[in-house]
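Following: one structure in structure tokens, then a few remarks.
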Amino acid sequence: MSKTAKPPAEGPPPTYRRGPLKALWYWLTSTAIWGVAKVLYGLRTEGRLRVPGEGPVVLLANHTSHFDPPLVGGSARRQLSYLARDTLFVGPLGWLIRSYDAVPVDRNGTGIAGIKATLKRLKQGGAILLFPEGTRSDDGQMKPFKPGFVSLVRRGKAAVVPVGFAGPFEVWPKGQSRPRLTGRIAIHYGEPIPNAELADLSDEELVQLAEVRVGECVAAARRLRGDT
């Protein structure tokens, strides 16, 4: 009697890895930024080990300051990829952004190239930091999320990790040329949402869920910072 062949066991999910030199550069610079934030701003983090160590992940955060990307990069448990406005890819800043494997986004055009590059990184098993508000807050308050991230989460089969900031806006608000050297900053990482749990949600429901979860993380970060 012939035996029914068992289906092959699923292996671990793909996980994007930088080359050794880029990985070392990322670690050195992000660690330095994290250390400066600890000294100057008493940076406190909570839940950073909730970021899955493998597979495609989209971190969704409120956007308050230029500080937001490097603060998450220095505190998350794995190396991240970022999206950046294409006009920033010039001069010394452009060199730094490129060294982080950032994906350029044309905010004045269709943005199709940036979407394709981001989706490719997710399918390679990358972890991407996105700001669904689309731009930095003018007043420090979280604005309604735009739905652009939904397609990336679905097509990239990515888990979602909500992230909330408290403090970066006061340290380096929009329109200010340089950061203040005083202030307090906190970051809270929420529980990851597996991609399978998002499948039955409509796009609108997914956006609403993301807003609620990130909002809860912002409130938790404010408590962590000591706000009343």
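Label-to-label distance, R17 versus L201, with points set 7 angstrom from Cα along the beta-carbon direction: 3.2 nm. Sequence-distant contacts, meaning Cα pairs under 8 Å at least 6 residues apart, place the relative contact order of region 127-228 at 32 percent. Largest mean-square fluctuation among Q124, Q176, Q141, in a Gaussian network model of the chain whose springs join Cα atoms under 10 Å apart, belongs to Q176.
Can you bin region 154-228 into rounded, prolate or oblate? Criterion: square roots of the alpha carbon gyration tensor eigenvalues sorted a ≥ b ≥ c, rounded for a/c under 1.5, prolate for a/b above b/c, oblate for the rest. In terms of gyration-tensor shape, prolate. Distance between the modelled labels on K116 and T182, one decimal in nanometres: 5.1 nm (7 Å Cα→Cβ projection). Here the average projected area of the convex hull drawn through the C-alpha atoms of region 72-180 stands at 7.6 nm². Each peptide in 202-213, 87-98 was scored by the mean count of other Cβ atoms within 10 Å over its residues; highest first, the order is 202-213, 87-98. Relative to its residue count, region 31-103 spans a Cα convex hull of 110 Å³ per residue.
Charge dipole of region 41-225 (Cα centre as origin; +1 on each Lys and Arg Cβ, -1 on each Asp and Glu Cβ, all else neutral): 600 debye, rounded to the nearest 20. Labels on offer are [x] 18.3; [y] 21.8; [z] 19.3, and the one holding Kirkwood radius over Cα pairs in Å computed from this structure is [x]. Separation of the alpha carbons by more than 28 angstrom is noted, of K22/K123; K22/K157; K116/K143; K38/K120; K146/K174; K123/K174, for K38/K120; K123/K174.
Where the centroid of each part is defined by its Cα atoms, how far is region 48-76 from region 112-174 in Å? So the separation of the two Cα centres works out to 9 Å.
Just so you know, all these numbers are worked out from the coordinates, no wet-lab data involved. Here the structure is a predicted model, which means the values were calculated and not measured. FYI the Cβ positions are ideal-geometry reconstructions off the backbone, even for glycines, and counts take in every protein chain you see.
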